[in-house]
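Have a look at the structure below, then the notes.
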Ligand SMILES: NC(=O)c1ccc[n+]([C@@H]2O[C@H](COP(=O)([O-])OP(=O)(O)OC[C@H]3O[C@@H](n4cnc5c(N)ncnc54)[C@H](O)[C@@H]3O)[C@@H](O)[C@H]2O)c1
């Protein structure tokens, strides 16, 4: 028996990267079912098929999390297949970096819509059922950038908003046995880093005490802890997962 036996989960943006690794880890933890909510449905479906050729435990559902209508329709499909959602991981994300004086409002709105409103809409779909059953685990993927990062006024603001939402939902969900936490990864080796120039990447890695990028599985193991009853007395936290990058003065 694994840590997530009998649990149903949703992981957004899980076609690749950190989200995919979380789905893989949940399967190792014996999750009963997991839905990949993915904007790139071709990618989502191929990932689902690779991880579970039977289609019994892993499903892919097309969903752009920045659209409330798409999120609602996607959760209708998830509820039709699994009946309920015990675990929600809000992971889908993008970057649109630029110095603030060159950042268009459209770039800020898009990043806010995907990260903050995507998280908000998905939480709204699952929290009523979690309250009824008095059980729920919500894991939001933030970033060390929430503390501030040059060239990311949009992204840092969206991630800071997610951290505020995390703490408030933890306060509201406490009596109903719903834990809400966030993971704040440092630099993790995924496609999202590909837009950062090589010289800047080298400087950034040099500033990390562990002197390397993190691996997706190292974020997935924290998600596994927060999604399971191992973390039953942990709520409203933002857990750094960054090789020590943010412990320095
Ligand atoms: N990689 C890092 O260094 C790092 C560090 C801190 C935080 N994060 C966060 O981790 C999360 C995952 O990032 P990643 O590094 O795995 O990126 P990635 O680019 O490898 O994967 C992101 C996934 O999200 C999907 N996606 C994007 N927009 C979407 C939308 N509107 N609706 C649904 N799906 C959408 C993409 O199709 C893709 O499959 C993001 O929230 C990101 O901000 C990443």
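Coordinate-derived values only; no laboratory data. In this text, all values refer to a predicted model and were calculated from it rather than measured experimentally. Glycine also receives a Cβ, built like all others from the backbone with ideal geometry; neighbour counts cover every protein chain displayed.
Counting every other Cβ atom within 10 Å of each residue's Cβ, 39, 130, 210 order from fewest to most as 210, 39, 130.
By the beta-carbon count within 10 Å of each Cβ, the least crowded to most crowded order of 110, 165, fewest first, is 110, 165. Against the chain, whose longest principal axis is taken from its Cα atoms, helix 17-28 shows a tilt of about 30°. Seen against the Cα atoms of the chain and their longest principal axis, helix 118-133 is set at about 30 degrees. Counting beta carbons within 10 Å around each of 179, 156, 12 and listing the fewest first gives the order 156, 179, 12. Averaging the sequence gap over all C-alpha pairs within less than 8 Å and six or more residues apart, then dividing by the number of residues, gives region 108-249 a relative contact order of 28 percent. Taking the C-alpha atoms only, the angle from helix 216-227 to the longest principal axis of the chain is near 50 degrees.
The Kirkwood hydrodynamic radius of the chain, based on inverse pair distances between different Cα atoms, is 18.1 Å. In terms of its Cα atoms, region 109-212 spans 51, 32, 21 Å along the principal axes, sorted from long to short. Using only DSSP helix segments of four residues or longer, with each worth -39500 (n - 2.57), what per-residue ellipticity at 222 nm results for the chain after dividing by its residue count and rounding to 500? Calculated mean residue ellipticity at 222 nm is -13000 deg cm²/dmol.
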